[in-house]
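Taken together, the values in this text are just the output of simple stated rules run on the coordinates, not laboratory data. Everything numeric in this text was worked out from a predicted model, so none of it was measured. So basically every Cβ, Gly included, is an ideal-geometry build from the backbone, and we count neighbours across all protein chains shown.
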Amino acid sequence: MIKSADVVVIGGGSIGCSAAYNLARLGFKNVAVLEKGYICRGSTGRCAAGIRQQWGTEMNCLISRQSIRCFEVMNEMLEYDGDVEFIQNGYLMVTYSEKEAAMLSENLKLHKKLGIPVQLLSIDDVKEIVPVINTDRIIASTICMEDGQANPFKVTDAYYRAAERLGVNFYTYTEVTGFKMQDKKITAVVTDRGEIATDTVVNATGPYAKLISKMIGHELPVEPERHQIVVTEPLDPFLKPLVMNFFHNSYCQQVVNGSILVGYGNPTEPKGLNYDCSWQFIEELAAKVIDQFPVMKNVNIIRHWSGHYGISPDGQPVMGTVPGIEGYYLALGCGKGFMLSPMIGELIAQCVAGKETTLPIDILNVERFNKGELIIEPAVV
Amino acid sequence: MSDKTIICRCEDLTVEEIREWISKGCDGFEEIKRATRIGMGACQGRTCRRHLIAELAHANQKSPAEIDLSTFRPPTKPLKFGAVAGVDQDD
């Protein structure tokens, strides 16, 4: 392992790899990425692969809008010899109540202002786009055809290989165990395989971010929330957009190989890291799925797993410096890390380099939680 | 085995493709599973697991017993949503 680095990125998921690539691109010659397992072990490798712009806060919309521009050209941008499988089949948002419908129409105004092409749909439109959907209780629905999906493993692999070509050192199976500090300044990262001297650390560990912060002496209010997902046997294409249902709190989409991915997180569950799969989840999920798509009663579930969102108090990412600790940066997507990873990586690299950031990330600084300046994201499941 | 021998029938993967990913640095079961979906199909690795272990053992110059397996996921066999929800399914 190298003895010292200009920047140490902790976390080998989509954000960590994107941050490392962007740091190297901005001219940092000596960047190290530390990953306690293998690339994509954590939340990126467990996510449902959706990518959307239909958010309710301006920052979430802007970061996702710019990220989609990156996904559109990603294979070329990263000179990837494979395919990141980015497909723009849309996100269909479905509501069963007047209150949620009002939220969608509020969001629609924001999307219009920011130039995000979202349409309000009639029930007939919904039926036409997804013939198998049960429209009985739908009050309002919107779609953005620029939204879609990409393969999280391939996206991360593309960033990882591009970063490696630019000279970034990756250390997998290397766990951070602590930090060396001098007067609130970081001087080294300690791992189970040795130490790296550095004055700059980027925390891109998603649901583990709180634990890393604790080692530095910082209280971070980002909590792991377990989500579980099942995947079905592959089927002929019948579900074009990802269907997000605010009543059922669920997301459901057909991926490239024909399998359906469907999942949700139970917001009342105690927060914490928990990789178990529960039978209760499958039972509740089956009812949610059959209510939305009655034909799915005949479809086989073949696999069930769990992963985590890192939930911030307002549902927006946490990015930038940490007041009081010199050289410590946070790069956390907070429940949407994969889909925002192209821009979070770019913005945090600009921030570390002391350049002006392409988007105004100051409002996403962790200090907002102490000052009470929360801007709540309403459109989350 | 010829290079074109299919070792994962669910995801239609040949020995050649697996060896290519191993040579690109995906030399553990979990890594290669993520890159190719090997073992994640309908049979859940019942056919390909032993073949992949043999390939990984060979590539890493280890004995098959030293190769870490990927996580075994529920359900043990494919299960219909309707069966879980207790509603009638069409045959």
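A few notes on this one:
- Cys with no candidate disulfide partner in chain B (beta-carbon separation under 4.7 Å rule): B:Cys10, B:Cys26, B:Cys43
- Sites B:Lys62 and A:Gln182 - FRET efficiency at Förster radius 45 Å, r taken between beta-carbons, to 0.05: 0.60
- Sequence of A:Trp55, B:Trp21 once ranked by neighbouring C-beta atoms within 10 Å, starting from the fewest: B:Trp21, A:Trp55
- Extension gain, A:Lys112-A:Lys371: 0.36 nm per intervening residue step, less the Cα-Cα distance, totals 90.2 nm.
- Of all the options A:Phe281, A:Phe170, A:Phe338, the one that moves most in a Gaussian network model of chain A with Cα springs shorter than 10 angstrom is A:Phe281.
- Helix-only CD estimate at 222 nm, as mean residue ellipticity for chain A, using -39500 (n - 2.57) per DSSP H run (n ≥ 4): -9000 deg cm²/dmol
- Count Lys and Arg as plus one, Asp and Glu as minus one, and take only other residues whose Cβ is under 11 Å from that of A:Val31; the net charge is then 0.
- Cα centroid separation, segment A:99-161 to segment B:61-82 (Å): 35 Å
- Among the GluC sites (Glu not before Pro) in segment A:311-374, those placed in a DSSP loop whose Cβ has at most 11 other Cβ atoms within 10 Å are A:Glu356, A:Glu373.
- For A:Lys184, the aspartates and glutamates whose Cα falls under 19 Å of its own Cα, not counting residues fewer than eight places away in the same chain, are A:Asp6, A:Glu195, A:Asp199, A:Glu219, A:Glu326, A:Glu367.
- Between segment B:1-47 and segment A:344-376, the alpha-carbon center distance in angstrom: 41 Å
- In segment B:6-82, lysine pairs closer than 24 Å at Cα, eight or more apart or cross-chain: 4
- Per-residue HN-Hα couplings for segment A:151-161 [Karplus 6.51, -1.76, 1.60; θ = phi - 60°; Hz; x = Gly/Pro]: 7, x, 5, 6, 4, 5, 4, 5, 5, 4, 5
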